[in-house]
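See structure below.
The values are calculated or read from the model by the stated rules, or taken from the named source; none is laboratory data. In this text, all values refer to a predicted model and were calculated from it rather than measured experimentally. Quick reminder, even Gly has a Cβ in these numbers, built from the backbone with ideal geometry, and neighbours come from all protein chains shown.
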Amino acid sequence: MKKIIVIGFGNVGKNYVNYLVNEVDASYDIGIIDKDRDTALGNIMDLNHELVLNNKNSKVKMSEYDDCFNADIVVITAGVKQKVDQTRAELLKDNTIIIKDITNRVVESGFNGIFIVATNPVDIMSYLVRKVSNFPSNKVIGTGTMVDTARLKYLLGNKINVNPNNIHAYVLGEHSNTCFSVWSKASIGMVKVSSKVEEEDLDAIMIETKSIPFKIIKYKNETSYLVAMSLVKITKAIVHDENVILTVSSLYDNVYVSMPFIIGKNGVKGVMKLDFTQEEEENLTKSINGIKENIRKMEELL
């Protein structure tokens, strides 16, 4: 049974654990660390009762930082939530302080597993976790543009009335407004997207992909389901050594940025190199430069 510690049991953390314990392919020993212990305990009780009806062997319990020492995975979802009209970069100051403290406390426990980070700005926070922990880069993974990629595929699927699972497309770069779609490699089945959808429609879909999270935050004050499922996908890739390609955030060009990385039992195994068009290469450079600037600002806070 794999041991997972979840730090931060708000909506993302709760949904992640709920999705994970209801998976049919594994059982998990899950520990929760959250400053609001009473609410966390109530949710833990509720989850454990749910497991009875689903005949699952997973266990969910309250934990302390010392319990991280023999965990396989530590998932970090704690941090200040993004507000309406607030950019992810504006979260930088508060979450730098929070994530630095969390990382130090986890490492002090003797933890030697894999970190998965969902806290925004996720590329910078993932970089911070690696810097503070001094872990090899393959053992620190951010959710990156997995959510952006899913949104892009959903919108494109709706546009052409095709199941999004049959659309092969990536959103890469920083999980921010500088992320970009790799339309030159995108396909529907084995047919190029560019042969089925007009360029102006593709541009509109990418604009909508970037704006959707702010609409969701406006309506419900947060986004949680999609990032929680992204965490599940990364967890399963590690637990089952799936060697799947996911647009997570990992080390590339000395920063943490989303590329098509291969994820297996030891974390990041490698990256799929793409032949970008000149425009895509420029978009990647712009995104990386933005991350480097935010890393500089973050390091001034340490």
For Ile216, are the conditions met, namely being free of Cβ contacts under 8 Å to residues at least 40 places away in the same chain, assigned to a helix (DSSP H, G or I), closer than 17 Å to Thr149 by Cα and not assigned by TED's automatic domain parsing to the domain that holds Leu92? yes
If we scan region 248-259, do we find a residue that is over 21 Å from Ala150 (Cβ atoms), surrounded by 14 or more Cβ atoms within 10 Å (Cβ to Cβ) and in contact with a strand residue (DSSP E or B) (Cβ under 7 Å, 6 or more places away or on another chain)? no
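Criterion first (surrounded by 23 or more Cβ atoms within 10 Å (Cβ to Cβ), out of contact with any strand residue (DSSP E or B) (no Cβ under 8 Å at 6 or more places or on another chain) and modelled with pLDDT of 95 or more) does Val147 satisfy it?
Working: surrounded by 23 or more Cβ atoms within 10 Å (Cβ to Cβ): yes; out of contact with any strand residue (DSSP E or B) (no Cβ under 8 Å at 6 or more places or on another chain): yes; modelled with pLDDT of 95 or more: yes.
Yes; evaluated as a whole, the condition is true for this residue.
Taking the condition of being in a helix (DSSP H, G or I) and either within 17 Å of the chain's Cα centre (by Cα) or more than 29 Å from Pro121 (Cβ to Cβ) (or both), how many residues in region 190-202 meet it? Steps first, answer last, please.
So the first thing to find is which residues in region 190-202 are in a helix (DSSP H, G or I), and the list is 193-195, 199-202.
Imposing the further condition that a residue be either within 17 Å of the chain's Cα centre (by Cα) or more than 29 Å from Pro121 (Cβ to Cβ) (or both) reduces the set to 194-195, 199-201.
Final tally of qualifying residues: 5.
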Looking only at region 38-46, decide whether some residue is within 19 Å of Gly144 (Cα to Cα) and among the hydroxyl-bearing types (Ser, Thr, Tyr). no
Is it the case that Ile205 is assigned to a strand (DSSP E or B) and either free of Cβ contacts under 8 Å to residues at least 24 places away in the same chain or not aromatic (Phe, Trp, Tyr) (or both)? no
Only residues that are over 16 Å from Tyr170 (Cα atoms) and exposed (fewer than 14 other Cβ atoms within 10 Å of the Cβ): list them for region 189-198, please. Ser195, Glu198
When every residue in region 265-293 that is modelled with pLDDT under 95 and among the acidic types (Asp, Glu) is compared, the one surrounded by the fewest Cβ atoms within 10 Å (Cβ to Cβ) is Asp275
Inspect region 34-54 for any residue being surrounded by 22 or more Cβ atoms within 10 Å (Cβ to Cβ), of a type outside the set (A, V, I, L, M, F, W, C) and modelled with pLDDT of 95 or more and give the result as yes or no. yes
In the set Lys59, Lys100, the lone residue that is touching a strand residue (DSSP E or B) at 6+ places or on another chain (Cβ under 7 Å) and in the same structural domain as Gly42 (by TED's automatic domain parsing) is Lys59
Matching residues, region 40-55, being out of contact with any strand residue (DSSP E or B) (no Cβ under 7 Å at 6 or more places or on another chain) and assigned to a helix (DSSP H, G or I): Gly42, Asn43, Met45, Asp46, His49, Glu50, Leu51, Val52, Leu53
